[in-house]
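Here's the structure, in structure tokens; my notes come after.
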Amino acid sequence: MDYSGKKVVVMGLGLHGGGLETARFLLKRGASLTITDIRDEKTLLPSIERLDASCRELKGESVRYVLGKHEMEDFKNADIVIKNPGVKPDSPFLLASKNIETDISLFLSESKARLFAVTGSKGKSCTATALHRILDRAGNYGKAYLGGNITVSPLTFLDELSENDDVVLELSSWQLGDLKGRVSDDGNPLLKPKAAILTAIMPDHLDRYASMEEYVDDKRNIYRGQDESCVTVAGDDEWGKSFLSESKGRPLVYSGSADCFALAVNQSGGWIDSDGRGMALLRGWPLCDNKITELVPAILRTPGNHQKLNLLAASLAAYSLGMEAEKIRGVLAEFPGIEHRLELFHEAKGIRFYNDSAATIPEAAAACVEALSLQGSLVLVTGGTDKNLNFTPLARTAVKAKEVILLAGTGSEKLIPLLGEEGINYRGPFDNLDKAVLCALEKAKEGGIIALSPGCASFGMFLNEFDRGRQWKETVLKLT
């Protein structure tokens, strides 16, 4: 699409790359661009420098910056406003805008590639990355691309796509909420993934949503545009059952056991068997052979049963669309996991160091403790900023850690009395990572594990969870 002469406001440049890539995309298409962000120039300098370099490459194209504030007239006069997912829809600036888009809606309006979409509270990045890896290494379709909430804007590869390519998008609840009810120029749903995967649903972002039901309703947009030619993959819990019963796509369930398959004669999907393998049974599917098949090997490079369930969900989507089980198994056997999610990044003094910074809710940190406490004596570094969440699941599981070290923040303040109820001693809260890492090294033993798994948002000490994870790794490497 040509944006020549269009006045476009990008609301939020940010540091993750989404706003930057959107700006680049629009500049190349001739838009008259204004970038507005409530953060100041000093904070945004890395993104500004990269965008200015792009302007120089385009020989004369320039950007108007409004930083440290928003100006209402910009939004009233814009032909298009590009919304950042983190901005609430009821923002007065958005309410004053005539036409609101996002980088995802811009992408979907032009892409002709086969689309896969993944959402959930936890596990969506691992699942999306694993699915992309399967499609890339074992597929027989075209090239495979990965983008979305995983910090890669799909606009970066839009111009490379053909109808024979696959795109996997990780989508947050906020991104999905922005797509609700959207249709393309031909009247079809703007979001219509060939396969939609919903990972584990847990309380999250309740500082923004009024209830779990409101939060989950945004998640449901991932399959609302599907029809019987599509596939919906979800878990066997109550949320998953509601997704599968509501979606018009063909339902596939994944489970930690085979019980739901023994009770439901017509159920199709997958489960983890007693040997730890991820198995599949697709009854009546023309592209599968209607027999029990191993998709996920028992031994993986990524620890934890929750990770195995994520890989099972990804493999079911690929298998249901005709990919060979043997090829899927081979890819997953070598899957290394992803940065900031149970990432084993360093070993020193006989101690293994993990970065699980993307564990931003208590349940995710609890899953980390469950997985790593089985592998050695665990020193857990946790805590941070609260999102109006319940920390009881983390406190109850933290008893399996040898030591608990807290980072400063409102979430840690909520966690401290719960640790006391469980009889768990803790160190901190510490307001910088050097102190936390030195304390952890003092408490760890040879053959043990030190893991950052906060169970909280990162704001306060860090820019975001990715900044927190990078700083954690840098500090560990510096001090060991």
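The values are calculated or read from the model by the stated rules, or taken from the named source; none is laboratory data. This one's a predicted model, so the numbers in the text were calculated from it and none came from an experiment. Using ideal geometry, Cβ is built from the backbone for each residue, glycine included, and neighbour counts are taken over all protein chains shown. The accessibility values were calculated without ligands, DNA or RNA, using every heavy atom of the protein model including side chains. Shrake-Rupley method; radii C 1.70, N 1.55, O 1.52, S 1.80 Å.
Would you mind classifying the stretch 60-129 by shape? Square roots of the alpha carbon gyration tensor eigenvalues, ordered a ≥ b ≥ c; an a/c under 1.5 is rounded, otherwise it is prolate if a/b is larger than b/c and oblate if not. Write down the numbers at each step before the final one.
Values: a/c = 2.20, a/b = 1.73, b/c = 1.27.
The shape class here is prolate.
Just how far, in whole angstrom, is the stretch 76-123 from the stretch 175-231 if you go by their alpha carbon centroids?
For the stretch 175-231 versus the stretch 76-123, the Cα centre distance is 13 Å.
Could the peptides 106-113, 220-227, 308-315, 343-350 be put in order, highest first, of the mean number of other beta-carbon atoms found within 10 Å of their residues?
Ranked by mean Cβ neighbours within 10 Å, highest first: 308-315, 220-227, 106-113, 343-350.
Can you find, among Leu418, Leu169, Ala130, the residue farthest towards the positive end of the dipole of the chain? Put +1 on the C-beta of Lys and Arg, -1 on that of Asp and Glu.
Ala130
Identify all lysines with a Cα-Cα distance to Lys6 below 29 Å; exclude those on the same chain that are fewer than 8 residues away in sequence.
Within the straight-line cut-off, Lys6 pairs with Lys28, Lys42, Lys59, Lys69, Lys76, Lys83, Lys88, Lys98, Lys112, Lys180, Lys192.
Mind checking which of Ala117, Ile38, Gly448 is farthest towards the positive end of the chain's charge dipole, using Cβ charges of +1 (Lys, Arg) and -1 (Asp, Glu) about the Cα centre?
Gly448
Going by average Cβ neighbours within 10 Å, how do the peptides 118-127, 29-38 rank, with the highest at the top?
118-127, 29-38
Per-residue HN-Hα couplings for the stretch 101-111, Karplus 6.51 cos²θ - 1.76 cosθ + 1.60 at θ = phi - 60°, whole Hz, x for Gly and Pro?
For the stretch 101-111, the Karplus curve yields 10, 10, 5, 5, 5, 4, 5, 5, 5, 10, 6 Hz.
Could you grab the relative contact order for the chain? Cα pairs under 8 Å, six or more apart, rounded to a whole percent.
10 percent.
Count the lysine pairs in the stretch 354-457 that are 8 or more places apart or on different chains: how many have C-alpha atoms under 16 angstrom apart? Numbers along the way, then the final one.
Working: Lys387/Lys414; Lys400/Lys443; Lys400/Lys445; Lys402/Lys443; Lys402/Lys445; Lys435/Lys443.
Qualifying lysine pairs in the stretch 354-457: 6.
With a cut-off of at most 13 other beta carbons within 10 Å, and DSSP calling the residue loop, which chymotrypsin sites (Phe, Trp or Tyr not before Pro) in the stretch 159-221 qualify? Please list them.
none
Antiparallel as a % of all DSSP beta bridges within the stretch 316-471, to the nearest 5? List each step's numbers first, then the result.
Working: 7 of 23 bridges.
If I count the DSSP bridges inside the stretch 316-471, around 30 percent turn out antiparallel.
For the chain, which whole-number percentage of the solvent-accessible area (1.4 Å probe, protein heavy atoms only) is attributable to carbon and sulfur atoms?
About 48 percent, which is the carbon plus sulfur part of the accessible surface.
Treating only the Cβ of Lys, Arg, Asp and Glu as charged (+1, +1, -1, -1), what charge dipole size does the stretch 89-197 show about its Cα centre? Round to the nearest 20 debye.
460 debye
Consider all pairwise Cα distances in the chain and report the whole-number % of them above 44 Å. Can you show the working numbers first?
Details: 16172 of 114960 pairs.
Value for the chain (Cα pairs over 44 Å): 14 percent.
When DSSP assigns beta bridges and you keep just the ones with both residues in the chain, what percent turn out antiparallel, to the nearest 5?
20 percent
Please work out how much accessible surface Asp40 shows to a 1.4 Å probe, ignoring ligands, DNA and RNA, in Å² rounded to 10.
The accessible area comes out at roughly 80 Å².
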